[in-house]
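A short worksheet on the structure shown next.
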Amino acid sequence: MPAVAALSPEVLARYQPVIGLEVHVQLLTKTKAFCGCINEYGGEPNTHVCPTCLGLPGALPVLNKQAVEFAVLAAKAIGCEIREASVFSRKNYFYPDSPKGYQISQFDKPIAENGVIVVPDAEGQPKRIGVTRLHMEEDAGKSLHDGFADSASRTYIDLNRCGTPLVEIVSEPDLRTPDEAFEYLTRLKEILLYTGVSDCNMEEGSLRCDANVSVMLKTDTQYGTKAEVKNVNSFRYIRAALEYEIERQIGVLEDGGRVVQESRLWNNAEGRTFSMRSKEQAHDYRYFPEPDLPPLVVGTEWQRQILADMPELPEAKRARLVEAYAISAQDAATLAADRDFADRFEIAAKRAKSPRRVASILLSEITMRLRVGGLQFGQSPVTLDGIVLAADLTEAGEISSKQLKQLLDTCFAEGHDFAHVYSRDKPQQITDSYTIEMMIDEVIAANPKQVEQYRGGKKTVSAFFVGQVMKLSKGQANPALLNELVVKKLDAAV
Ligand SMILES: [Zn+2]
C-alpha cells in the first residue's frame, strides 16, 4: 500500500477523530493470578509453570488475594465504582500460547466500572475521559518467533507469562486527538505507578495498549467504522500510529471508499499501520461463567482495608505542592510525575529557607547532571542535605548561580557531596562595596543607552547591569550586595 497522500488542512479539518483505548496492565503480585507460580519477568523459558497455569486436566484455579486488592486499588484510584460481587468468565479461543483453550477473564460483571481520568484538552483545560470498566484477567504465554537456529520453520512457546494477573482498563470513546490519547496514557500510568500495583514497564510488556480509532464528518452524528491498532510499545508511537491512522481513514473516505473494521499493526520503521486480519463484527468467544471459581465478593470491610493503602494521588499532590511550597504549577507537575521524586523534594523543601530555590536546583541543575551522567536520583553524589545547603547559600546570595553551577560540576565530576566540595573550594567572593562600585561605574560608563532606558522608567534594565558586572568580576561579586549597589548607582545617575 502506498504511503498516505498528503491531505490538505481544510480536508482534515472537516473530520472528527474518535478514539478509545484499551490498556492491559500486569499486576506486581508475588505469584500468578490462579496458582502459586512466581510472577516475575524473564527467567529460563517454561520454568515458572505448574499444572494450573499449564492448563493440565484436573488442575483448579485459586484466586490470588493480592491481585484482587491491587485491582480494587487501581480501580478506586481512577474513580471507579467497585462491584461487590463480580464474576469470572471463560473467554474461549484457541491460540498456542494459551494452553487451556480459554482465558479466565471477566465479562458482563466486571469488578469495577464508571471511572474517570482528567486530561488537558488542546486549550489546556481539564477534560474528563470516561473509563467504562476495569476488569481482572490472566495473561497468555508468549510465542517465540525469532532467535533460534530453526526459527524460519518453527515457533517456540514460553509459558512463564501465562497466568500473570492483569487488569484491563477500557476507556469510553471520549478522546478526540492523538495528543489527548497520549495525555490519557501518561496520567493513567502516573496513577498506577503511584498506587504501586504495576511497574508499567512497556518494554517488558507490563503495560500494553490497543487503540480503537474512527473518523466521522463533523456534520455526522454517527461514529464511523473503527479500526483497532494493536500492541504499540510506547506512548510516543501510539500518538504517531493514531496520527497516521486518522489520516489514512480520512484518505480512504475522501477517495470514496469505506473503512474496514479490522486490526492493524503499527510498523515503527515504516511509520505506518498495516492490516493484520479483518475482524468479524464481534468475536464469538462463547463466554460463560467460570465453573471453577465462585463469584468474587469484595465487601465493604475488605474495601475499607484495601483503601487504607491508597496514597495521595498525582492530581491532589500537584495542587498541594503549589499551595504548600509556593512553587509554579509547572514545577509541581514535573515533581509529582514521580512519587519518590516528589517525596524527596518535600524532605528538602521543609528544611530549606526557600522551597522555590530547592525546586529550581532539583529540577534543573541536579536533573540535568543526572541525565548527562545516565544516573538515577539514588546515585546522585549530591544528597538532599547538599541540595538544602546549596539552596540556602544561593538564596542568601553567598554564592552566585554561576558559582553554584561550578560547584555542582565538581561534585558530579568527583562524586563528592556539596558540603564537602563547598567547604574545600569555597568560592572567592568580592564582598567589598568599594570594589563592586568601581566595576558598576565602569559598566555604567560603557552602556549609556541602557542607562537612558533605565532613566526612562524601564527599571528591569538593572538586571543587564548586574549581569555585566558579574561577568566583569568573573562571577565573584556577592550577588546580594551587587543587586543593591547597582540599583543605588543607577538611581543616583538619574
Ligand atoms: Zn502456575
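Bear in mind that the values in this text are calculations on the coordinates, not laboratory data. Because the structure is predicted, anything quoted here is derived from the model rather than measured. As a convention, Cβ positions derive from the backbone with ideal geometry for all residues, glycine included, and neighbour counts pool all protein chains shown.
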Near-label residues of the range 226-249 by backbone N, under 16 Å of a point 7 Å along Cα→Cβ of VAL11: 244-249
Cα-based Rg and Dmax for the range 424-494, where Dmax is the largest Cα-Cα distance (Å): 12.1, 45
Nearest 10 degrees, 0 to 90: helix 479-493 Cα axis against the chain principal axis: 50 degrees
Cα centre as origin, Lys/Arg/Asp/Glu Cβ charges: the chain dipole, Debye: 640 debye
Intensity falloff of the chain expressed as log10 I(q)/I(0), Debye formula with alpha-carbon point scatterers, at q = 0.12, 0.13 Å⁻¹: -1.13, -1.23
Label-point gap, in nm, between ALA329 and HIS420 - each point 7 angstrom along Cα→Cβ: 4.2 nm
Nearest-ten-degree value, helix 339-351 long axis tilted from longest Cα axis of the chain: 30 degrees
Filtered trypsin sites (Lys or Arg not before Pro), the range 260-339: DSSP coil and at most 12 other beta carbons within 10 Å: ARG286
Cα-based helix-to-principal-axis angle, 314-325 vs the chain, degrees rounded to 10: 20 degrees
Estimated FRET transfer efficiency (GLN406, ALA316; beta-carbon r; R0 35 Å; 0.05): 0.35
Distance in nm between pseudo-label sites at THR186 and ALA269 (7 Å out along the Cβ direction from Cα): 3.0 nm
Cα-centre dipole for the range 1-126 with unit charges at Cβ (Lys and Arg positive, Asp and Glu negative), debye to 20: 500 debye
Packing-based exposure ordering (other Cβ within 10 Å, fewest first) of TYR184, TYR156, TYR15: TYR156, TYR15, TYR184
Efficiency of FRET from Cβ geometry, ARG128 and PHE341, R₀ 25 Å, rounded to 0.05: 0.40
Positive dipole terminus of the range 314-425, leading residue within ALA329, SER364, ALA396 (C-beta point charges): ALA329
Of all DSSP beta bridges in the chain, antiparallel share, percent nearest 5: 95 percent
Lysines with Cα under 18 Å of LYS405, excluding same-chain neighbours fewer than 8 positions away: LYS426, LYS471, LYS474
Volume of the Cα convex hull of the range 314-425, divided per residue and given in Å³: 90 Å³
Cross-link pairs beyond the 32 Å C-alpha cut-off, checked among LYS226/LYS317; LYS218/LYS317; LYS350/LYS488; LYS402/LYS449: LYS226/LYS317; LYS218/LYS317; LYS350/LYS488
About the Cα centre, charge dipole magnitude for the range 433-493 (Lys/Arg +1, Asp/Glu -1 at Cβ), debye: 200 debye
Dipole-positive endmost among TYR285, VAL298, PRO314 within the chain (Cβ charges, Cα centre): PRO314
Two-site label geometry, ASP255 and VAL487: point separation in nm, points 7 Å out along Cα→Cβ: 6.8 nm
The range 9-302 - Kirkwood radius from inverse mean 1/r over Cα pairs (Å): 20.3 Å
Overall Cα dimensions of the range 129-283, principal axis frame, Å, largest first: 50, 43, 30
Projected-area average for the range 1-159 over all orientations - Cα convex hull basis, square nanometres: 14.8 nm²
